[in-house]
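Below is one structure, written out as structure tokens; comments come after it.
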Amino acid sequence: MEKPIPLFSPITPAAVSRRRADSFANRAFFMITLIPVALIFIITIALFLRFLPILREHSLWELVSGVTWKPNKGEFGFLPFIAGTFWVTALGVALAVPPCILTALYLSEYARATTRTLMKPLLDLLAAIPSVVYGVWGMLAIVPLVGDVLRPILNRYLGFIPLFASNQPTGFSILAGAIVLAVMIAPFIIAITYEVLATIPQGLRQASLGIGATQWQTIRYVVLPQVLPAIIAGIVLGASRALGETLAVLMVVGNIPQMPNSIFDAGYPLPALIANNYGEMMSIPLYDAALLGAAFILLVIILFFNILSTIVLQRVLK
């Protein structure tokens, strides 16, 4: 008579060893995964601690809403720099989004496979160009274009609108910084939008075309409604990428601490403030704390946009 086969095999030393190895690998990978998160907390706490000395002298609201930046007199108003940051970022994203979405739609819905194969390395190359190269290009091409061409034309025909009216004598302006920034974040937004569009099942497109819809109607009524939240999240990610851009924007935006009223006014974003001044005039009381406070405010803004866009992307892609 044959012996019955046991339902459970006995636990051998080799099995115990494998379980221990798996458990160790699981814990090790978990600890490694926590390192980036821990670094974010460490950097945030370190900046906040260096920001504290100026908070003992001035309230946070006084610093954030102040419009005067005179470190020699102990006046540290961050509002012109925060406004300059949002002006350049908002205008840059507004200039980048329409062509980026149309490019991603073309690559996803209309382009041949050979075109996609050719365009993807070119977009990757555009994203890999150092920011200083964009800055030099902006100084040589964009600043003269804005100062000699765009500003006279828009002042002449749209000068009655305060947004386009300015007496700025040069092309170093928010518009110049926004154009450079738009070119820099374009590959990022295109890549995210293209990947999101690729998640739409091909069967939905074929079903729409099968009932007589044109390709554009399929894109408008079937594809875009499915991915619109994810596209918005990708745009927000691109905006957070633009918020922290320093060198290229610094070279073309003018760097004048003032409240901008027009796209042709000079601006002074927070990253440019930190890059231009940190390490200089440290003998001035609270100046170091003010600059690190600017870094803390910028970090909080970027973290907020990144977390918001990541949550939206995760909910859409589930």
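Does the stretch 224-271 hold any residues that are small (G, A, S) and over 16 Å from the mean Cα position of the chain (by Cα), and which are they?
Once the filter is applied, which keeps residues that are small (G, A, S) and over 16 Å from the mean Cα position of the chain (by Cα), the stretch 224-271 yields G254, S262, A266, G267.
Could you tell me which numbered condition A25 fails, if it satisfies all but one of (1) at pLDDT 90 or above; (2) of a type in the set (A, V, I, L, M, F, W, C); (3) farther than 30 Å from L286 by Cα?
(1) is the only condition that A25 fails.
Cβ-Cβ below 9 Å, separation at least six or inter-chain, first residue in the stretch 107-131 and surrounded by 11 or more Cβ atoms within 10 Å (Cβ to Cβ), second charged (D, E, K, R) and outside any helix (DSSP H, G or I): which pairs?
Once the first residue is surrounded by 11 or more Cβ atoms within 10 Å (Cβ to Cβ) and sits in the stretch 107-131, its partners that are charged (D, E, K, R) and outside any helix (DSSP H, G or I) give S131/E245.
Quick one: which of I263, I274 is in the same structural domain as S131 (by TED's automatic domain parsing) and more than 22 Å from V143 (Cβ to Cβ)?
None of the other options fit; the residue is I274.
Is it the case that some residue within the stretch 277-299 is modelled with pLDDT under 85 and in a helix (DSSP H, G or I)?
Within the stretch 277-299, one or more residues are modelled with pLDDT under 85 and in a helix (DSSP H, G or I).
When only residues in the stretch 126-169 that are aromatic (F, W, Y) and either at pLDDT 90 or above or in a helix (DSSP H, G or I) (or both) count, which is farthest from V253 (Cα to Cα)?
Y157
Can you go through I235, I200, I179, I189 and tell me which one is outside any helix (DSSP H, G or I) and in the same structural domain as I101 (by TED's automatic domain parsing)?
The conditions single out I200.
Does R241 satisfy the condition of being basic (K, R) and closer than 30 Å to R315 by Cα?
Yes, satisfied.
Looking only at the stretch 25-81, which residues are among the small types (G, A, S) and surrounded by 14 or more Cβ atoms within 10 Å (Cβ to Cβ)?
G66, G74, G77
As an exercise: evaluate G177 against (1) under 19 Å from I263 (Cβ atoms); (2) at pLDDT below 90; (3) under 24 Å from the mean Cα position of the chain (by Cα) and give the number of the one condition it does not meet.
Of (1) under 19 Å from I263 (Cβ atoms); (2) at pLDDT below 90; (3) under 24 Å from the mean Cα position of the chain (by Cα), only one is false for G177: (2).
The values are calculated or read from the model by the stated rules, or taken from the named source; none is laboratory data. Here the structure is a predicted model, which means the values were calculated and not measured. Every residue, glycine among them, receives a Cβ derived from its backbone with ideal geometry; neighbour counts consider all protein chains shown.
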